[in-house]
Amino acid sequence: MKKVIIDTDCTIDVKGCDLDDAFAILFLLAHPNIDVRLITTTFGNNNEDVTYKATKKMLDDLKIDIPLVKGGLYSHEAGAAIKNEVESNDDIIILSLGATTNTQKALALGMDPKKVKSFVAMGGITEELQFNKKVMDELNLSIDYLSAIYALERLDDIHIITGNNCMKHKYEVPANPSYKSELMNYLKPSLERLTKEFMDEFGESKLVVWDALAALYITNPEYFIDVYKNIALDEHLLRGYLVDGTDKKVNLPEIKDNINAMEYIVQVIEEGN
């Protein structure tokens, strides 16, 4: 069973914000081979107060008993919690779904990077993200790019699911969806809300459930083609760009063409409840 720390900027039920973090969290909690040891909240989709409240409400509503620690710019508690969890466990994976601030703080507080089995992040871009010719900003690494540089410099076995790779795998919410599990039915109102917002902003009804695809790399790496790249850890990360360089070797996995990623993710959530 794989042990995972989820560092998230979850904003389920927050108008105008994404719900991909919630999708990723519930997918990992439902997966039979995943042991979620800790959830920490950061900023990105919204500020750290909003993301903590949204995450706590979801866990409370669903009666999910997982340690939750608020983090971000103005506290060290989440960084300390990540450090303690890593040092108390062998082979733990950090899944970073928002700003990398909490991971950076864990390292600054003395966390041994060699104790982290792997660092999996959703974020970064290799070219502009476009929805129907409208450009979208990078989602995560750019939010606190100095923390991203600090963390990526020190960690090994880094896997980054880029925004560009996520764009290839979308989820269309069925008309009048009839989900069978408590978890998918909990997501349903937010899925319908986000579909409308997405259509209004981008003219697109299919959702990119970004963070869930990063979670999928943890559960099923065989669904991906590993693409290793030497990148620069410099000012390009201010806009989230992963450009060629000599500073760090990272993996930018791409989902195989024959994999229906979102169908599998929904199936796991439905069956794991």
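The values are calculated or read from the model by the stated rules, or taken from the named source; none is laboratory data. This structure is a prediction, so every number in the text was calculated from the model and none was measured. Counting neighbours? That spans all protein chains shown, and the Cβs are built from the backbone with ideal geometry, glycine included. Side chains included, ligands, DNA and RNA excluded: accessible areas come from the protein's heavy atoms. Shrake-Rupley method; radii C 1.70, N 1.55, O 1.52, S 1.80 Å.
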| request: Being of a type in the set (Asp, Glu) and surrounded by fewer than 14 Cβ atoms within 10 Å (Cβ to Cβ) is the filter here, so list the residues in the stretch 211-241 that pass it. | output: GLU222, ASP226, ASP234, GLU235
| Inside the stretch 139-163, can you point out the residues that are within 15 Å of the chain's Cα centre (by Cα) and either open to solvent by less than 20 Å² (accessible area, probe 1.4 Å) or free of Cβ contacts under 8 Å to residues at least 24 places away in the same chain (or both)? | ASN140, LEU141, ALA148, ILE158, HIS159, ILE160, ILE161, THR162, GLY163
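State all residues of the stretch 111-125 that are part of a helix (DSSP H, G or I) and open to solvent by less than 40 Å² (accessible area, probe 1.4 Å); if no residue qualifies, say none. It would help to see each step written out before you state the result.
Step one: of the stretch 111-125, the residues part of a helix (DSSP H, G or I) are 113-115.
The answer is PRO113, and nothing else.
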| request: With respect to LYS170, determine if the residue is surrounded by fewer than 17 Cβ atoms within 10 Å (Cβ to Cβ), in contact with a Leu (Cβ under 7 Å, 6 or more places away or on another chain) and closer than 23 Å to HIS31 by Cα. | output: yes
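One line per residue, one yes/no per condition, for (1) at pLDDT 95 or above; (2) surrounded by fewer than 22 Cβ atoms within 10 Å (Cβ to Cβ); (3) not in a strand (DSSP E or B):
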| position | (1), (2), (3) |
| --- | --- |
| GLY16 | no, yes, yes |
| LEU26 | yes, no, yes |
| TYR52 | yes, no, yes |
| ASP60 | yes, yes, yes |
| ASP65 | yes, yes, yes |
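So, in the stretch 28-50, how many residues would count as being part of a loop (DSSP other than H, G, I, E, B) and either among the polar types (S, T, N, Q) or on the phi < 0 side of the Ramachandran plot (or both)?
So the answer is 8.
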| task | Spot the failing condition for THR40; the list is (1) hydroxyl-bearing (Ser, Thr, Tyr); (2) at pLDDT below 95; (3) open to solvent by less than 60 Å² (accessible area, probe 1.4 Å), and only one is missed. | result | (2)
| field | Failed criterion for LEU191 (all others in (1) in a helix (DSSP H, G or I); (2) at pLDDT 95 or above; (3) open to solvent by less than 10 Å² (accessible area, probe 1.4 Å) hold) | value | (2)
| said: Let me confirm something: among ILE231, ILE225, ILE255, ILE269, which residue is out of contact with any strand residue (DSSP E or B) (no Cβ under 6 Å at 6 or more places or on another chain) and at pLDDT 95 or above? | reply: ILE269
| message | Checking the structure you have, find out if any residue of the stretch 92-110 is open to solvent by 70 Å² or more (accessible area, probe 1.4 Å) and charged (D, E, K, R). | response | no
| note | Selection from the stretch 145-164 of residues among the acidic types (Asp, Glu) and in contact with a Leu (Cβ under 8 Å, 6 or more places away or on another chain) yields GLU153
